[in-house]
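To start, the structure under review is shown below, and the notes come after it.
The values are calculated or read from the model by the stated rules, or taken from the named source; none is laboratory data. Every value quoted in this text rests on a predicted model; they were computed, and no experiment measured them. Cβ placement follows ideal geometry from the backbone for every residue including glycine, while neighbour counts extend to all protein chains displayed.
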2 protein chains.
Amino acid sequence: MAKGIAIVSGGMDSVVLAHLLSRSHELSIVSFDYGQRHKKELQFAEQAAKDLEVPWTLVDMSFMANLLHGSALTSPEVDVPEGHYADDNMRITVVPNRNSIMLNIAAGIAVAEKASFIATAVHAGDHAVYPDCRPEFIGSLTQTLRIANEGFIDPEFYINTPFIALGKEDIANEGGYLHVDFTKTWSCYKGEEVHCGKCGTCVERKEAFDLAGIHDPTEYMS
Amino acid sequence: MAKGIAIVSGGMDSVVLAHLLSRSHELSIVSFDYGQRHKKELQFAEQAAKDLEVPWTLVDMSFMANLLHGSALTSPEVDVPEGHYADDNMRITVVPNRNSIMLNIAAGIAVAEKASFIATAVHAGDHAVYPDCRPEFIGSLTQTLRIANEGFIDPEFYINTPFIALGKEDIANEGGYLHVDFTKTWSCYKGEEVHCGKCGTCVERKEAFDLAGIHDPTEYMS
């Protein structure tokens, strides 16, 4: 079985990814604490690893909260915008170069563990807002990682992105097929006791279940 | 003046880099604590920032010491090899994907600070051992960073590598022209009170001064 490192935030996309890949790969899960407000999702990442009986590693990147300004996800003084995820005001949720940093750290772990891929749950809905979720970026990073680690890495090392051309509703559907318990996933940027139902990712989460036509078991504040 | 973020370890190469670039750029210095044994060099990085009157940021990447196995630079149970830096046994000093990770974090800071370049002191002597110090890697990473941060980054964002085709002796020479005080730089991997004089970087350091034909002010144990 091919060995790989999956980046799992504890959101629905990445938890479905872990369920999907663990069936036919030797998977390890890595999660990142980058000072996000919604730390709750990390507990769900850990839970997913337990449920799937695969190793889980938490990487402390809390330094990013201090270093990388301007994002509502890490700056307590910036309000989390409400509305649809793909709106212009969602650009404030961009942590500079975040995906690149996480993928590069995951790749470092992959090299150390002699794994042949890293995996990420980026999907088509991310593309408009986050340039580092686009296929062009994944292709470019793959080449850079092979060059960066030549002689230490599988020459056919790749980034596994099974959802890159899918909408979030397709991922919800896929999770349905895989019998993923969605109450064990977290989306809300606000990180309260239950999902707020209003922030960008909550709106997007509701919409995904709605479009997929499957039951949304999430408890929302409104 | 172009604004940039220079990665400075406190070694002679990167301290000379900071002296060179701060003359004609608006420079900030970033250093990484990745659990290296030779933490002493970080004090010299901070000192360089003070001397040049530029901002200094220390990024705590100590998680790497636990995550990325197999390198003598971070694993206390692995002996630091002695001998010339370019020898085969120096491959054990490779921390997987380390340069990529540091350059990506520096790029994240650059995006947040609206800087138009990041700078690194990679030089020709590194190429044989560290694939992520080669020109091919720098070119590939430049493209990946532009793609990853499209819309948030200077479209002509670049990686400033003035020493990439130079030998370490050329950097020693350059430091001589710039009147760099080399006693305020640190090379030794062992991190004792004075330079050991025997490990790979000490051997290389001695050789650089020797080839450059300039006085080596370093105190060596042997």
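Quick notes on this one:
- If you go through the range A:107-137 and pick out every residue that is closer than 20 Å to A:Ser28 by Cβ and more than 9 Å from every other protein chain (Cβ to nearest Cβ), you end up with 9.
- Index of the failed condition, A:Tyr158 passing every other in (1) free of Cβ contacts under 8 Å to residues at least 40 places away in the same chain; (2) over 15 Å from the mean Cα position of the chain (by Cα): (1)
- Scanning the range A:173-187 for residues that are in contact with a Leu (Cβ under 8 Å, 6 or more places away or on another chain) and either surrounded by fewer than 16 Cβ atoms within 10 Å (Cβ to Cβ) or under 17 Å from A:Cys202 (Cβ atoms) (or both) yields a single hit, A:Leu178.
Listed here are the residues, each with its yes/no results for (1) assigned to a helix (DSSP H, G or I); (2) under 14 Å from B:Asn149 (Cα atoms).
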| residue | (1), (2) |
| --- | --- |
| A:Ile105 | yes, no |
| A:Ile109 | yes, no |
| A:Ile118 | no, no |
| A:Val122 | no, no |
| A:Asp132 | yes, yes |
| A:Glu136 | yes, yes |
| A:Gln143 | yes, no |
| A:Arg146 | yes, no |
| A:Phe152 | no, no |
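- Selection status of A:Asn97, within 14 Å of another protein chain (Cβ to nearest Cβ), at pLDDT 95 or above and surrounded by 17 or more Cβ atoms within 10 Å (Cβ to Cβ): no
- Test: residue in the range A:186-209 that is in a loop (DSSP other than H, G, I, E, B), of a type in the set (Ser, Thr, Tyr) and touching a His at 6+ places or on another chain (Cβ under 9 Å): yes
- Members of the range B:3-27 that are in contact with a strand residue (DSSP E or B) (Cβ under 7 Å, 6 or more places away or on another chain) and of a type in the set (Ser, Thr, Tyr): B:Ser9, B:Ser14
Table: residues versus (1) touching a helix residue (DSSP H, G or I) at 6+ places or on another chain (Cβ under 7 Å); (2) surrounded by fewer than 21 Cβ atoms within 10 Å (Cβ to Cβ); (3) aliphatic (A, V, I, L, M); (4) without any contact (Cβ under 8 Å) to a residue 24 or more places away in the chain.
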| residue | (1), (2), (3), (4) |
| --- | --- |
| A:Ala119 | yes, no, yes, no |
| A:Ala128 | no, yes, yes, no |
| A:Glu136 | yes, yes, no, yes |
| A:Gly139 | no, yes, no, yes |
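- Filter pass, A:Ala172 being assigned to a helix (DSSP H, G or I) and either within 14 Å of chain B (Cβ to nearest Cβ) or of a type in the set (Asp, Glu) (or both): no
- Of A:Gly151, A:Gly108, A:Gly176, A:Gly125, all but one fail to be modelled with pLDDT of 95 or more and out of contact with any His (no Cβ under 8 Å at 6 or more places or on another chain); the exception is A:Gly176.
- When we screen A:Pro162, A:Pro155 for residues that are closer than 27 Å to A:Asn104 by Cβ and surrounded by 16 or more Cβ atoms within 10 Å (Cβ to Cβ), the only hit is A:Pro162.
- Being within 22 Å of A:Asp33 (Cα to Cα), at pLDDT below 95, buried (at least 18 other Cβ atoms within 10 Å of the Cβ) and among the small types (Gly, Ala, Ser) is a description that applies to A:Gly200.
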